[in-house]
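Participant: Mind looking over this structure? Questions follow.
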Amino acid sequence: MGVVTRAQAKMMKSQQSGSEELPPRGGRREAGGPDLISLLPDEVLGSIVSLLPIKEGARTQILASRWRPLWRSAPLNLDTCGRSITKAVLSRILSGHRGGARCFNISYSVLGGDSATLDGWPRSPALDNLQELDFWFDSSASPSPLVLHSTLRFSSTLCVAKLKYCKFSDDTAHQIHFPNLQQLNLCSVTISEDSLHAMLAGRPVLDRFELRYGHVGPPRPLMPPAALSFSSTLRVAKFVLCQFPNTAACQVHFPSLQHLELEMVTIWECSLHAMLSNCPALNSLILNYTYGFYKLIINSPKLKRVEMYFGRSETEIRLDELIVVNAPCLEKLHHRGPYEDSIEISIISAPKLKVLGRITESIFRLELCTTVFNGLHDVRVATVMRTVKVLSLRLEYLNLDVITNFMKCFPCMEKLYIKTYLMDDENFRLHDYKDHLECLDLHLKKLRISYYHGTRSHVEFAKFFVLNARVLESMVLDVEHTKKGYDWWFENQRRQLKLGKRASIGAQVVFTSDDYFDYLKDIHEFSDPCELEC
């Protein structure tokens, strides 16, 4: 590409968007100014088109005559997921396209059981040098269909392979070689231990690996040890619906692993700790409904994010003690369990902790350095943690004593998320705090209360922040859907909250209904911009 002159740069800046048709290269619009996109070489425009889904890529032909040959010569993203593309249309694209394909994502449902067509598509010249393959076989088929032999021709060019609900024969698995494979996802795949080892061994550039079993009742299927025979380049690993073999988990070593996710997995305590200790580069750990251990000890030099989700279980061994011994880089610590969860949490050293949640009222003990919460009402504040910016709580009743204790412990808190689930507290009493709280005076900018009912105690709780939070920018009150349409109710709430006397002139009070609100998605500005997308 040539150097853009000052005149061209000026015209680029002043160019008007939204024209109906892009003129040929070098042409000018009626409004003045060149068609700068059409100045790009065919190779660049073809790359842009190749990144679009099928229909959007085809529609670029109507932009201008200059664009008409681009789609037919650009590598395609043949992705049928969520799109109404028929078998006949897809066959016509494959037979007439000259530019090859970058991605081929096909669901068995598109074929309606036409196995001959499914086997014929991978043989099409349009799929030469394919980089991404995603096959969804029939999940209800019994026995599982065999992986197509015709897909073997892609093994030398594939960078991404995702295979679901199928079976590998030993001969097929041993013939697959992935010299360029960066991502491998296996979902409900039947494969022997020997074949899996052959498939994974010696992958020089493997970056991401996911192994997912089908939904079966306990006990969960035992994951073959070969699934842990990764290359030294692996950065992301996810395991779903399986049981870790004790010996293999204790012996693995992941020198480059940055993100580890276990979902509906059974793993014993010794195995979990051994595996974590062998991940020196780990910065993200997610445990979704993962069982088999009572205690989790975090002692990791690079770990930045820990998220844990647990449910009720009468048969599974579930976490009841979390100890953060030494986590110098930890910024986000999130735990969510059932309402009656009585976990004990001790944070001994986490000097960069920014996000803490979700703390429940039924917590047995919360120890933050030398500050101890024996339950949320019995508090001995001895340590101030100025790094914490975000706190999420789940309380039976809205209790100002509990909140002010946390504001003393976290004086620099900027965002506070509270989820309550009982309407009123007969023992609620008004508070007249004489002492200034640094958090209220200088830092608290956002407050969100879920399941706000507008009762006397709820109003008084919210009004406390209206009248005392001096830099508050927004207060969001989640109410029941049944309140919609009752304008008089909202007006009455605003009067009771005394918004005319708010301490922060710019504070906005918003009523909303959002049963699926997740505070973790609301704090993206506290996330590491380099954090892996998984």
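The values are calculated or read from the model by the stated rules, or taken from the named source; none is laboratory data. Predicted model, so just to flag it, every value in this text is computed and none were measured. Note that each Cβ is placed from the backbone with ideal geometry, even for glycine, and that neighbours are counted across all protein chains shown. Accessible surface is based on the protein model in full, side chains and every heavy atom, while ligands, DNA and RNA are left aside. Shrake-Rupley method; radii C 1.70, N 1.55, O 1.52, S 1.80 Å.
Participant: In the range 198-311, what percent of the accessible surface is made up of carbon and sulfur (1.4 Å probe, ligands and nucleic acids excluded)? Walk me through the intermediate numbers first.
Facilitator: On the way: 2330 of 4120 Å².
For the range 198-311, the apolar C and S fraction of the accessible surface comes to 57 percent.
Participant: With labels modelled as points extended 7 Å from the Cα through the Cβ direction, what inter-label distance (nm, one decimal) is found for MET423 paired with ARG98?
Facilitator: 7.2
Participant: To continue, here is another question. Ignoring ligands, DNA and RNA, what percent of the accessible area of the range 313-467 is carbon or sulfur (1.4 Å)? Spell out each step's value before the answer.
Facilitator: Working: 3040 of 6340 Å².
Carbon and sulfur: 48 percent of the exposed surface of the range 313-467.
Participant: How long, wide and thick is the range 287-429, going by the Cα atoms along their three principal axes, in whole angstroms, largest first?
Facilitator: Result, largest extent first: 44, 38, 23 Å.
Participant: Using only DSSP helix segments of four residues or longer, with each worth -39500 (n - 2.57), what per-residue ellipticity at 222 nm results for the chain after dividing by its residue count and rounding to 500?
Facilitator: Details: 14 runs with 112 residues, N = 534.
Using -39500 (n - 2.57) per qualifying helix, the result is -5500 deg cm²/dmol.
Participant: Specify which residue in the list ASN492, SER349, LEU127 is farthest towards the positive end of the charge dipole of the chain, using unit charges on the beta carbon of Lys, Arg (+1) and Asp, Glu (-1), about the Cα centre.
Facilitator: The residue sitting most towards the positive pole is LEU127.
Participant: Can you tell me the order of 127-138, 55-66 when each peptide is scored by its average per-residue count of other Cβ atoms within 10 angstrom, highest first?
Facilitator: On the way: 127-138: 19.3, 55-66: 15.1.
Highest-to-lowest ranking by the protection proxy: 127-138, 55-66.
Participant: Sticking with this one: Please work out the FRET efficiency for the pair LYS408 and LYS483, using the Cβ-Cβ distance as r and a Förster radius of 45 Å; give the result to the nearest 0.05.
Facilitator: Working: r = 34 Å, r/R0 = 0.75.
E(calc), rounded to 0.05, equals 0.85.
Participant: Excluding residues fewer than 8 places away in the same chain, name every one of the lysines whose C-alpha is closer than 21 Å to that of LYS167.
Facilitator: LYS238
Participant: Quick check on packing: order 241-247, 411-417, 492-498 by the mean number of other C-beta atoms within 10 Å, highest mean leading. Don't skip to the end; give the middle numbers.
Facilitator: Values: 241-247: 18.3, 411-417: 21.0, 492-498: 15.0.
Top to bottom by mean Cβ count within 10 Å: 411-417, 241-247, 492-498.
Participant: For the chain, with only Lys/Arg (+1) and Asp/Glu (-1) charged at the beta-carbon, what is the dipole magnitude about the Cα centre, in debye rounded to 20?
Facilitator: On the way: 62 positive and 59 negative charges, 386 e Å.
Here the size comes out at about 1860 debye.
Participant: Which of the peptides 116-125, 203-212 is most tightly packed, and how do the rest follow, going by the mean number of other Cβ atoms within 10 Å of each residue?
Facilitator: Averaged packing, sorted descending, gives the order 203-212, 116-125.
Participant: Rounded to the nearest 0.05, what FRET efficiency is calculated for ILE48 and ALA281 with R0 set to 35 Å and r the Cβ-Cβ distance? Each step should come with its number before you reach the end.
Facilitator: Details: r = 35 Å, r/R0 = 0.99.
Taking R0 as 35 Å, the efficiency between ILE48 and ALA281 is 0.50.
Participant: Please compute the alpha carbon radius of gyration of the range 362-484, then divide it by the globular-protein estimate 2.2 N^0.38 Å. Two decimals is fine. Don't skip to the answer; put the middle values down first.
Facilitator: On the way: Rg = 14.2 Å, N = 123, 2.2 N^0.38 = 13.7 Å.
Dividing the Cα Rg of the range 362-484 by 2.2 N^0.38 Å gives 1.04.
Participant: Roughly how many Å² is the accessible area per residue of the chain, as a whole number, for a 1.4 Å probe?
Facilitator: 48
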